1. Go through (i) 125; (ii) 154; (iii) 115 and flag the label whose value is the computed volume of the Cα convex hull per residue in Å³ for this structure.
2. Is it possible to state the helix-based mean residue ellipticity at 222 nm for the chain, with each DSSP H run of 4+ residues giving -39500 (n - 2.57), the sum divided by total residues, to the nearest 500 deg cm²/dmol? What is it?
3. Classify the stretch 55-123 from the C-alpha gyration tensor, please: rounded if a/c falls under 1.5, else prolate or oblate depending on whether a/b exceeds b/c.
4. Place +1 on the Cβ of every Lys and Arg and -1 on the Cβ of every Asp and Glu in the chain, take the dipole about the Cα centre, and give the residue among Q233, S197, S160 whose Cα lies farthest towards its positive end.
5. In terms of modelled amide H atoms, which long-range or inter-chain residues lie less than 5 Å from the amide H of Y39?
6. Keeping every protein chain present and rolling a 1.4 Å probe, give me the accessible area per residue for the stretch 22-69 in Å².
7. Please work out the Cα center distance from the stretch 53-68 to the stretch 210-251, rounded to the nearest Å.
8. On average, how much accessible surface per residue is there in the stretch 136-217, in Å², for a 1.4 Å probe, leaving out ligands, DNA and RNA?
Amino acid sequence: MQDLRKKELRRTADLFRGKCKISRYGILDLFKDCERMGYKLIRYPLGENADLGFAMKKEQDTIIFTNTCSRLSREIFTLAHEIGHVILHMEGSSSFIDNRMTITGKNMDEREQEANYFAACLLMPADDVDRFLDLEISDFEQNGLSAMDIARMMSEFSVSFDTALNRLENLGRIDNKQRIQLDNERIEKRVGNLLKSVGGNARLNIPCKEIYIPFEYIDYVIYNYNHNVIPLQTLEKALGYYQLTLDDISDRLVRHEADEEELDALIGGLED
């Protein structure tokens, strides 16, 4: 990636970050900021081996999905990555689906690399990283960093241990030898223990498995059912998240021949 393009990405990330609510160093709640800026955010536990997230346009809406079966720190980075796609690439593509290959940087597609760089700049701007190292780490220049320092950085910036190491190495604040040492220390002491020892946010290291679906999403579910994209059982399950039944939306449904008897039976049962 050329230096000029990196500067453009840093500027774009900085503009977006300027609209977010910031704590001392990191973004307080990127999920809330995303919604406040008009994105339709869906969070759902899709499974440990499923895709991590996607971004798509549907008519006038921008929809971002994150898999809550991944660790919260990874889910936050996935969200930042998807925001990058929306801002940088969505004009030329209707959707992006991301997995571990794209989020971890192993996919060499230029747009995926740009989305990852955008996410790193959004969550850990260079100036704020340097301010943290200056104000929070004693004798950083002489003694370097410990795994406990990285755990504190995780909590302040709401990132994973790996993301913190990647960003520090890319910024030239640690070299590869120091990274390996910190990684070995992380393996020995375990991230959960490190976070607890520094009074950090232990939730970052576990999946939240939260289900959050904006009410407007029900329109997409009904649309997909009416166009034979999802079965009746999926429609029922989605309605359950809103405490709705088939009877509540019966006037909006297109009756499919394959589902007619089942639909009649279900609605009839509700009326009895």
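1. Identified label for the calculated read-out: (ii).
2. -16000 deg cm²/dmol, from helical runs alone.
3. Oblate is the answer for the stretch 55-123, as a/c is 1.5 or above yet b/c matches or exceeds a/b.
4. S197
5. The list, which skips near neighbours in sequence, is empty: none.
6. I get 48 Å² per residue for this part.
7. Centre-to-centre distance over Cα atoms comes out at 17 Å.
8. 56 Å²
The values are calculated or read from the model by the stated rules, or taken from the named source; none is laboratory data. Every value quoted in this text rests on a predicted model; they were computed, and no experiment measured them. All Cβ positions, even for glycine, are placed from backbone atoms using ideal geometry, and neighbour counts span all protein chains on display. In case anyone asks, the SASA skips ligands and DNA or RNA and just uses the protein heavy atoms, side chains included. Shrake-Rupley method; radii C 1.70, N 1.55, O 1.52, S 1.80 Å.
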